[in-house]
Every structure is written in C-alpha cells, then in structure tokens.
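Working notes, structure below.
The values are calculated or read from the model by the stated rules, or taken from the named source; none is laboratory data. Being a predicted model, the structure only gives us computed values, none of them experimental. A quick note on method: Cβ atoms are made from the backbone with ideal geometry, for glycine too, and the neighbour counts reach across all protein chains shown.
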Amino acid sequence: MKLSLMIVHLITYWGWRNLATPQAQAAAPSYLFNTGALFRSQDYFGCHWETAKQVSFRVWAPQATAVQVVGSFNDWQATTPMTMIGTTGIWTTTISGVKVGDLYKFQVTGADGQVHLKIDPFARQFEKKPGDAAVVIAPTEMAWHDSLWMARRKKSRPANRPINIYEVHLGSWRRHADDQYETYQELAAALIPYVKKMGYTHIELMPVMEHLLDASWGYQQLGYFAPTSRFGSQQDFLAFIDQCHRANLGVIVDWVPGHFIRNYDALYQYDGTPTFEYQDPDRANNRRWGAWNFDLGKTQVQSFLISSALFWLTDCHLDGLRVDAVSNMLYLDYDEGREGQVNQYGDNRNLKGIAFLQRLNTVVFQQHPDVLMIAEESSAYPQVTGRVDQGGLGFNYKWNMGWMHDTLDFFSMDPLYRHDHFNLLTFAFVYMFDEQFILPFSHDEVVHGKKSLMHKMPGDRYNQFANLRTMLTYMAAFPGKQLNFMGSEWGQFLEWRDWSQLEWVDLEDELNHKMQHFTQTLNQVYDQNRPLWELDHEAAGLRYTYTDDPESSTMAFIRQAKRKYSFVVAAFNFVPVERRHYRIGVPYVGRYDLLLNTEAQAFGGTWTKLETTFTAVAEPYHGQPASFDVTLPAMGALLIRPRQVKKGSRKHE
C-alpha cells in the first residue's frame, strides 16, 4: 500500500480530531473531503459546539466569494462572516451567543455577485415545514439499550434468516382525530406492538430524511443527516429505533443518493454554480421526478453521500438502507430527454454512477458487514447483488420488480384466462437465483390509480379475499425475502392516500378482520418454518414437483431447508374450481401435517373441516419417489410439512 493511501486510511480510522495539532486537524478533514474519503463529514461540517459557549460552523462552497452565518442569534443579519480555509473551498467561523434551538442558514455570495440564503447540507435537525432553517441542537449522546439486538445481528447472516418487511409511511399509518401527525413517541407506542403482533421481522420506513413536500413521500430530500421534524426531534427518532430493536424488530429506511430537492435554497447551485449536481444542465435535470441529479463522480459528493449512509447505519443504528432509484444512477439516458447519451465505450452505462455504487457498498460493508443494502433497481442490469471484485454493484439484496409485476398482472386477471398466461408465474423460476431478491408488494403498486392489492383482485368480495390470501401465500413460499405495504395485511380496499390515515374502520368488518388474522398466521408460519427462508438464494432450496400446468392452473413445489428432512410442500390452485384427489409428489414416504389452508373458515374461507394429515405412499409422481392426495381448495393454497417420514426412502440417498 502506498504511504499516502495508508495515511488516508489511518486518518479515516482514528478520526481527524485525534490528530496532534490544530493545523493538522484543519487540513486533514478538508483533504479527505475533497478527495472523497471523509466518511464522517457530518462531524466536521455543519454546526458543532466547540465549548459550552462557542459554536463552529463549516460549509463547502468552493466558488463562493463570501459566506456568512445568519440566524435567530444575530437577527438574520449578515454580521458573521466566514473565512475560507486556504484553497479548500471550505468556509468556517466560530461564534458565541448561540443557544440550543436557534435557527440558522448560510448566506452565500456567488461569483456572479448574487446572494442567496442556503440550508446547511449537514444539519442534524430542521425546523418544521414550511420553514427549512437548520436547528442548533445540544451535543447530547444517545443512551442505547439495543446491545443484545446488535450483538445478535452481527452473528447472523441475512440470507439464512427470515426477512418479512412491513413497509410504512409514518405520516399516514395512523393520525390523530384532528388529522395531525402522531409523534415518534406515539408511533413507537402503537406501531411497534402492532408490527410485532402481526409477525413481521422488520419495519421499512419510507424516507424519514427531512423533506418539505408531503406529496413527495420523502423522496425529494432536503436533509441527508436529519430525520424529519414532522414527528419530533432527532432524539425522538433514535428512541424509536431503540424501541424497535428492544422488541426484536429490525429497521430499514429508504435513502435517495441519486437526486435531491429542486428548491433553490437547498443544494442546487449551492455556491452560485453547479456544486452538488452535474455541470451539464441536461445531466443535472431529473425530469422524471422533478429533482436535481447528484454528480456521483465528484469526490466531494461521494464524501457527502457515503457519510450520509454511514450516519444512518452507525449513529442511528439502522439495520439497512433501501437505495431508491438505482436505475437512474446506472444509465446515462434513463431520464426523459436524455436519450442517446453514451459513454466512451459507446454504450449508455453511467460509469461514474456505477463506480459510486460499488464504492458505497464497499465502504458500508467494511464497517457494517451485517446490514442490508437493498437496491430498488427496475432494469435487468446484471450482478446488482454481485461482489464488487467480480464486477458487481455490491448490494446484498435487490427488489424483484419483474416477479412483482408479473405476479400482480396474473392475479389481477380473470381466472378464466389465467391458463393462457401461466408464464407470468413460471418465468420467474428461470431467474430467481440470479440475484439475492426481496419480493415486494410496495407502496408504488397501490397508489396513483393502480388500486389497492385487494381492489386489484377479480370477482366478488369473497373471491377478492380468496385471491389475496393465495397471492400472499405464494409470496411466502416463493424463494426470496418479502415486503408488504401497510394496509394490505387486512385487504384495505381504498388505494393508499398519503394525506390520510389507513382505513382502520375496515377491521370492524368480519372479512377484513379475518384477513388480518390470516396474514398474522401466515407470517407466523413463515417465521417458524426454516424451509421458507433458510436457502432462499440457493438452488438447493427449491424442488420442482408440478410447477407448469397451465390447463389446470395449479402449481406445487417444495421448499427445502439445510436439514435433509426439513421441507415444506406448497400447492396452489389459481382458479375457483376445487381439485379433489390432487396428487403431489414428495421425496419421502410417511406422514405429513397441514401448516396452512387459505380457505379455512377462520381466515374468511368456506372450509369448516380441514384435512390436517396426509399419508405419502411409495407411488412416484412427477420425479418424486412418493406422493399423497389432497383436496386442493378452489382459489386456495396449502402449505404442508413432514411430521414422520421414512428416512432413506428417497432414491439415491
């Protein structure tokens, strides 16, 4: 290793504050930031207490001719000039008379002489909307109580654990009677017990990073180091995470490193010139989402974004980040109006974006090898979850958007025509192990006229519930981890509205209540049966039995755990016609028990008496040496597991 590179690594590891002299302390972070290697940028930039009476401010504005700190402590007057540190582009000052709770911004004079008030990009807290001034917060440390959770997380490998995610938009999960938001504290008291009771393993929060526009759902971000003040303070947010962990629930947060809010008082042309965004206005302009694209090849932007990721994972103890809109970072021509752009090799890959994602994941997993880095990537880009040293992007999970779209298309179809479109289900078996997948029924699929999951289902109300139960069971049995958006667990009929709480009144209806009970039971079955998750990403985790029978519109397969005799048989009927004497091939002779029948009366179905045991005999069927008969319920599914089998009865053992 070259000496200079070694010094960079040592400085990053020990921290710039441990350097011997004030001069070295000032030089080291500016050097690391400008070379893209300051991964704790928030400890240097922004607002920091130097003593009990003095506060330092630092900001990056390389082309500015002057920068001032203005705030409630100086009546928002430009009386507090900042000084650039050499030629680093970093401005700094230390002032007295600042109090906790004071608001501030930076007044930036560009090279053209134009003066603009700008946010602090590294602020830890912002005032409540519609304002966007940063808040001076106390230099307090969080007293964490999640050491047991964190220790367990380090010992586990996500691929071999159950991951069942409840996706939540905090502003619309539940609200007060006067339509005001619940606080982080109130949400902790209600949301955490509910998710725990329902049997989910993780909560995924749609972006809680500070944002101004409610309708953006948080995806047009303002603060990359600040939980939104809508629901309380940063300390309140950390306490929410702590309580999730104490309840043995993981927390994932959506994170948006590709683009940022359009507002001119935010990051856009921060010093009067393109600073965080691309120099090319066509590259900078994200027309698809009405935002500005980060210049991912700029070293200072890399320091900023990687610091943000590590802040949420390290300081906030998050268990993972779902990286939004990865495709926008992978292709030069992904956005409208950018067609035909090519790189030096003549193709449309964004080489700088790809290199940034690889570096991001490399740094994150060096520091946190036990977290989830999830790509929301909608194209067929190869090796999204592949290793960086083998040309992959380095994520450890990717949303399986193809599976999601095909599955929803199939289940939205009238059962009369499903036999002609059975490939919508079977095609996913071709590529299911190409990446490490999460199967998502997310917020994007239940909004903007797409209808709720329940409303997508065909037929009368009874058949809609039957379809929904079968589809969720299919997701639980299919290889891959899983995610479900709030409200879908009880079959809310109205599509999601971000300005209103979920239709909790639905649960007064018997069928909705039974649907909620079904989801709770399905989640428990999933969690308690290792074959449904232990080998999610390995071919050994699936045995084909009867997966391609379009004429009957039925399917059966086996999910396998590491232990030879630990497996679950999954059988599905995708039409409202009961199949009696439906034969299923299994690997062993013996007795089998019912785990789940989606048509049980307790779940809203019609079966008052269930077949609970099955006897497999030595009658080969579809490549398996043994088999048993079941009655496959109309528009229903069965999950069955072995209780006592004749070991060694499978051929070639």
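Take THR545 and tell me if it is in a strand (DSSP E or B) and either outside the structural domain of ALA600 (by TED's automatic domain parsing) or surrounded by 20 or more Cβ atoms within 10 Å (Cβ to Cβ) (or both).
Considered against the rule, which asks whether it is in a strand (DSSP E or B) and either outside the structural domain of ALA600 (by TED's automatic domain parsing) or surrounded by 20 or more Cβ atoms within 10 Å (Cβ to Cβ) (or both), THR545 comes out as yes.
Taken over the range 187-214, the criterion of being within 16 Å of ASP324 (Cβ to Cβ) and either among the hydrophobic types (A, V, I, L, M, F, W, C) or in contact with a Lys or Arg (Cβ under 9 Å, 6 or more places away or on another chain) (or both) is satisfied by GLU204, LEU205, MET206, VAL208, MET209, GLU210, HIS211, LEU213.
For PHE518, are the conditions met, namely being buried (at least 22 other Cβ atoms within 10 Å of the Cβ), over 20 Å from the mean Cα position of the chain (by Cα), modelled with pLDDT of 95 or more and within 23 Å of ASN597 (Cα to Cα)? Write out each step before concluding.
Working: buried (at least 22 other Cβ atoms within 10 Å of the Cβ): yes; over 20 Å from the mean Cα position of the chain (by Cα): yes; modelled with pLDDT of 95 or more: yes; within 23 Å of ASN597 (Cα to Cα): yes.
Yes: the conditions hold for PHE518.
Restricting attention to the range 192-215, does a residue exist that is in a helix (DSSP H, G or I), touching a residue at least 12 places away in the same chain (Cβ under 8 Å), out of contact with any Ser or Thr (no Cβ under 7 Å at 6 or more places or on another chain) and among the small types (Gly, Ala, Ser)?
Applying the first criterion (in a helix (DSSP H, G or I)) to the range 192-215 yields 192-198, 214-215.
When the remaining residues are screened for being touching a residue at least 12 places away in the same chain (Cβ under 8 Å), the result is 192-193, 195-198, 214-215.
With out of contact with any Ser or Thr (no Cβ under 7 Å at 6 or more places or on another chain) added as a condition, the list becomes 192-193, 195-197, 214-215.
Okay, now just the ones that are also among the small types (Gly, Ala, Ser), so 215.
The answer is yes, given that some residue of the range 192-215 is in a helix (DSSP H, G or I), touching a residue at least 12 places away in the same chain (Cβ under 8 Å), out of contact with any Ser or Thr (no Cβ under 7 Å at 6 or more places or on another chain) and among the small types (Gly, Ala, Ser).
Taking the residues in the range 348-377 that are farther than 20 Å from LYS481 by Cα and of a type in the set (D, E, K, R) as candidates, determine which candidate is nearest to the chain's Cα centre (by Cα). It comes out as ARG359. Of all residues in the range 521-534, those that are under 12 Å from ILE163 (Cα atoms) have Cβ atoms under 8 Å from Cβ atoms of residues that are surrounded by 19 or more Cβ atoms within 10 Å (Cβ to Cβ) and charged (D, E, K, R), 6 or more apart or on another chain, in LEU532/ARG559; TRP533/LYS481.
Does the range 141-152 contain at least one residue that is assigned by TED's automatic domain parsing to the domain that holds GLY46 and in contact with a helix residue (DSSP H, G or I) (Cβ under 9 Å, 6 or more places away or on another chain)? No - not one qualifying residue is present in the range 141-152. Take ALA61 and tell me if it is at pLDDT 95 or above, surrounded by fewer than 20 Cβ atoms within 10 Å (Cβ to Cβ) and in contact with a strand residue (DSSP E or B) (Cβ under 7 Å, 6 or more places away or on another chain). Spelling it out, it is not the case that ALA61 is at pLDDT 95 or above, surrounded by fewer than 20 Cβ atoms within 10 Å (Cβ to Cβ) and in contact with a strand residue (DSSP E or B) (Cβ under 7 Å, 6 or more places away or on another chain).
Which residues, counting only those in the range 45-82, are in a strand (DSSP E or B), under 35 Å from the mean Cα position of the chain (by Cα) and among the small types (Gly, Ala, Ser)?
Selection gives GLY46, SER56.
Just to be sure before I move on: is LEU494 in contact with an Asp or Glu (Cβ under 6 Å, 6 or more places away or on another chain) and in a loop (DSSP other than H, G, I, E, B) in the structure I sent? The answer is yes for LEU494. Of all the numbered requirements in (1) in contact with a helix residue (DSSP H, G or I) (Cβ under 9 Å, 6 or more places away or on another chain); (2) surrounded by fewer than 18 Cβ atoms within 10 Å (Cβ to Cβ), LEU330 misses one, and that requirement is (2).
Any idea which residue in the range 602-631 is surrounded by the fewest Cβ atoms within 10 Å (Cβ to Cβ), counting only those that are within 30 Å of GLU510 (Cα to Cα) and touching a residue at least 40 places away in the same chain (Cβ under 8 Å)?
The qualifying residue surrounded by the fewest Cβ atoms within 10 Å (Cβ to Cβ) is ALA602.
In the range 170-189, the residues that are under 21 Å from TRP490 (Cα atoms) form Cβ pairs under 7 Å with partners that are small (Gly, Ala, Ser) and exposed (fewer than 15 other Cβ atoms within 10 Å of the Cβ), at six or more places apart or across chains, as follows: SER172/SER500; ARG174/ALA190. The residue that is surrounded by the fewest Cβ atoms within 10 Å (Cβ to Cβ), among those in the range 204-241 that are over 16 Å from the mean Cα position of the chain (by Cα) and among the small types (Gly, Ala, Ser), is ALA215.
Answer yes if at least one residue in the range 287-295 is farther than 24 Å from PRO227 by Cα and surrounded by fewer than 21 Cβ atoms within 10 Å (Cβ to Cβ), and no otherwise. Before you say what the answer is, go through the steps one by one.
Going residue by residue through the range 287-295, those that are farther than 24 Å from PRO227 by Cα are 287-288.
Add one more test, that the residue is surrounded by fewer than 21 Cβ atoms within 10 Å (Cβ to Cβ), and what stays is 287-288.
Checked the range 287-295: at least one residue is farther than 24 Å from PRO227 by Cα and surrounded by fewer than 21 Cβ atoms within 10 Å (Cβ to Cβ).
For the subset of the range 129-167 comprising residues that are of a type in the set (Val, Ile, Thr) and more than 19 Å from the chain's Cα centre (by Cα), which member is modelled with the lowest pLDDT? Restricting to residues being of a type in the set (Val, Ile, Thr) and more than 19 Å from the chain's Cα centre (by Cα), the top hit is THR140. Inspection of the range 420-433 finds a residue satisfying the criterion of being in a helix (DSSP H, G or I) and more than 26 Å from VAL568 (Cα to Cα). Among the residues of the range 272-286, those identified as surrounded by fewer than 23 Cβ atoms within 10 Å (Cβ to Cβ) and farther than 22 Å from ILE354 by Cβ are GLY272, THR273, PRO281. For THR299, state whether it is surrounded by fewer than 23 Cβ atoms within 10 Å (Cβ to Cβ), touching a residue at least 12 places away in the same chain (Cβ under 8 Å) and touching a Gly at 6+ places or on another chain (Cβ under 7 Å). Yes: the conditions hold for THR299. Within this structure, ILE203 fails the test of being in contact with a His (Cβ under 8 Å, 6 or more places away or on another chain) and closer than 28 Å to LEU360 by Cα.
Please pick out the residue among PHE365, PHE304, PHE311 that is of a type in the set (Phe, Trp, Tyr), out of contact with any strand residue (DSSP E or B) (no Cβ under 9 Å at 6 or more places or on another chain) and within 30 Å of MET142 (Cα to Cα). First the steps, then the outcome.
Working: PHE365 fails: out of contact with any strand residue (DSSP E or B) (no Cβ under 9 Å at 6 or more places or on another chain); PHE304 fails: out of contact with any strand residue (DSSP E or B) (no Cβ under 9 Å at 6 or more places or on another chain).
Going through PHE365, PHE304, PHE311 in turn, just one is of a type in the set (Phe, Trp, Tyr), out of contact with any strand residue (DSSP E or B) (no Cβ under 9 Å at 6 or more places or on another chain) and within 30 Å of MET142 (Cα to Cα): PHE311.
Name the residue that is surrounded by the most Cβ atoms within 10 Å (Cβ to Cβ), counting only residues in the range 497-507 that are free of Cβ contacts under 8 Å to residues at least 40 places away in the same chain and not in a loop (DSSP other than H, G, I, E, B). Checked the range 497-507; the qualifying residue surrounded by the most Cβ atoms within 10 Å (Cβ to Cβ) is ASP506. Sort out which residues of the range 381-410 are more than 16 Å from ASP444 (Cα to Cα) and in a helix (DSSP H, G or I), and write them in order of number. Those that are more than 16 Å from ASP444 (Cα to Cα) and in a helix (DSSP H, G or I): VAL388, ASP389, GLN390, PHE410.
Within the range 522-538, being surrounded by 18 or more Cβ atoms within 10 Å (Cβ to Cβ) and of a type in the set (S, T, N, Q) holds for ASN523, ASN529.
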